[in-house]
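Structure, as structure tokens:
The values are calculated or read from the model by the stated rules, or taken from the named source; none is laboratory data. What you see is a predicted model, and the numbers here were worked out from it, not measured in a lab. Note that we place each Cβ from the backbone using ideal geometry, even for glycine, and neighbour counts take in every protein chain shown. SASA here: full protein model, heavy atoms, side chains in, ligands and nucleic acids out. Shrake-Rupley method; radii C 1.70, N 1.55, O 1.52, S 1.80 Å.
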Amino acid sequence: MSDLKVALQDLKEDSDSGKLLAPAAIPRPGKKRIARLAVLAIITVAAAAIVFKLIAPKSTAPLDYEIIRLTFDSGFTSVPSVSADGTLMAYSADRGGLHNLDIWVQQVAGGEPLRRTDHPAGDWHPSISPDGSKIAFNSARDGGGIYIIDALGGKERRILNKGFWPKFSPDGTQIAYVDIPASMDHALFKIYLIFSNGGTPRPFVSEFCVGYANQGVGPVWSPDGKYLIFSGRRSDDPASTDWWVAPLDGGEPIRTHAIEDLALTSIVQYPAAWAGNYIYFVSGTTIDGMNIFRVPINPGTWRVEGPAEPLTTGPRIKSSPAVTNDGRVFYANMEVVMDAWSVAAWPDEGMVSSNPGKLTQDLMQKSSTSISRDGTKAAFTAFGGALAQRYELRIRDLTTGQETTVPTQTKSFSHSPQISPDGMAIGFRDRVAGKWRPFVYSLNEASSRKVGESGRILDFFSGNEFALIIDKPDELEKMNLRT
């Protein structure tokens, strides 16, 4: 869903439209209007068998669990949040094709789900208060923000005009969330706290940035509400990336050494829940499978002490674990396939077609798409699994279907390709001597060259002699590519 959200944000920025919902039929524009353009998007296709599952420990033996399916609709359902006693569950779903995500609540013991929001904008990442009375959630409506709603009745109210992944504290008095700037610069992802009844947000460990926030996770409260654990690093020290435990009383954050001690090498690896002396985390990839683990944490040193115990295994994506006081674990189970699709657009009317066409057919996951302004070529990254070490940067000719793989020094899906207006050059990042540097690949010469020591190419000027580059979060530069 984070990949889908980024794709929709990109489309929104390109069209400067508040909504991307298209009518069932769109008239073809006349000769005096702007011709149709192909807009390339990454579509996250979730299998109809997306469910919540509940893991209930049956004994003290390892991996002795009962798995119970809790939702059965055919649409997308994810991000469960459960009251502390495990009786009431909130989640985000489109309920089999309602075209947008809303917040739903459901009694865990059974009964029909209750729809709590109904808005054309997406509502997601609910956090139910420990007593089950209120739900905090993020919404894209009215410019975006965090809202509060009573679990079983009443209207929602906005307490913040920004913020993602709200989490109620164990006593329900505070909410932790992540602030993400418009630049989407990960170094500026920051944690804030706000009282659950509103007020002024308060920065928390501002010298740190939050890692993996783009994957749908924020800070996690300790059971006593005195600490937060998060995946991140000190803003000025990339080598400090780890899981950190930070006290709410203003003390120094403590490094858990989880990544080192657990030998975590997968692309996704973040803490998602804290119950008792256990940290529950998600690790894996969309290709190889993402699974849920738990690992003890020492309350005296805050050191994560492995080995980790797997709670789920196998392919598919198991994510968003929520743990009750009695040890039950709720999570989402889904299958995701990411491909490149094209859709006709009418920029002068702010509308897109309702009939997208699939461009790619292989089983690798596609992301970071860019399309030339003449609609003839596209660039994107393809990921075939961390275990297989398959990472590719590709160019696709949209008229012939032929694809070209751009040679890169680093195997990564972080190359951030940007294709030129005429489709004959691609700007991308590659890691050289431990640092990401900007490169330009020329289709005419079938070769790449480094064009700077830092920064990322955002776009090309006509003629491909100059590029728009971002080197600092608040600075754009016009780079001469001929020098």
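Give the shape of the range 367-483 as rounded, prolate or oblate, defined through the alpha-carbon gyration tensor: a ≥ b ≥ c are the square roots of its eigenvalues, a/c under 1.5 means rounded, and otherwise the shape is prolate if a/b is larger than b/c and oblate if not. Since a/c reaches 1.5 but b/c is at least a/b, the shape of the range 367-483 is classed as oblate.
Kirkwood hydrodynamic radius computed over the range 260-346 comes to 14.3 Å, based on all pairs of distinct alpha carbons. Any chance you could check the Cα centroid distance between the range 111-162 and the range 187-244 for me, in angstrom? Cα centres, the range 111-162 to the range 187-244: 22 Å. Given LYS366/LYS450; LYS167/LYS435; LYS162/LYS450; LYS190/LYS435; LYS377/LYS435; LYS162/LYS411, which pairs have Cα atoms separated by over 32 Å? Too far apart for the 32 Å limit: LYS167/LYS435; LYS162/LYS450; LYS162/LYS411. Here the convex hull built on the C-alpha positions of the range 187-331 has a volume of 124 cubic angstrom per residue.
Residue ranking by accessible heavy-atom surface, 1.4 Å probe, largest first, among LYS162, LYS226 comes out as LYS226, LYS162. Among 447-460, 193-206, the peptide with the highest mean count of other Cβ atoms within 10 Å heads the list, and the full ranking is 447-460, 193-206.
Take the Cα of GLU66, step 7 Å toward its Cβ, do the same at LYS435, and the gap between the two points is 5.9 nm. For the range 71-220, a/c is not less than 1.5, where a ≥ b ≥ c are the root eigenvalues of the C-alpha gyration tensor, and a/b tops b/c. That puts it in the prolate class.
For the range 152-258, the convex hull spanned by the alpha carbon atoms encloses 122 Å³ per residue. Normalising the average separation of contacting C-alpha pairs (under 8 angstrom, six or more residues apart) by the number of residues puts the relative contact order of the range 288-378 at 18 percent. The tail of the calculated P(r) for the range 296-374, taken as Cα-Cα distances beyond 20 Å, holds 63 percent of the pairs. Extension gain, LYS155-LEU476: 0.36 nm per intervening residue step, less the Cα-Cα distance, totals 111.4 nm. Mean sequence separation of contacting Cα pairs (under 8 Å, at least six apart), scaled by the length of the range 95-175, corresponds to a relative contact order of 23 percent. Pairs of Cα atoms nearer than 8 Å and 6+ residues apart set the relative contact order; for the range 160-259 it is 19 percent.
Partners of LYS478 within straight-line reach, counting aspartates and glutamates whose Cα lies under 15 Å from its Cα and excluding those fewer than 8 residues away in the same chain: GLU453, ASP459, GLU465. Evaluated at q = 0.25, 0.28 Å⁻¹, the base-10 log of the normalised Debye intensity for the range 428-483, with identical point scatterers placed on the Cα atoms, takes the values -1.06, -1.24. Full extension of the chain segment joining SER240 with ALA187 gains 17.8 nm, where the gain is 0.36 nm per residue of separation less the Cα-Cα distance.
Rolled with a 1.4 Å probe across the full set of protein chains, the surface gives TRP341 an accessible area near 60 Å².
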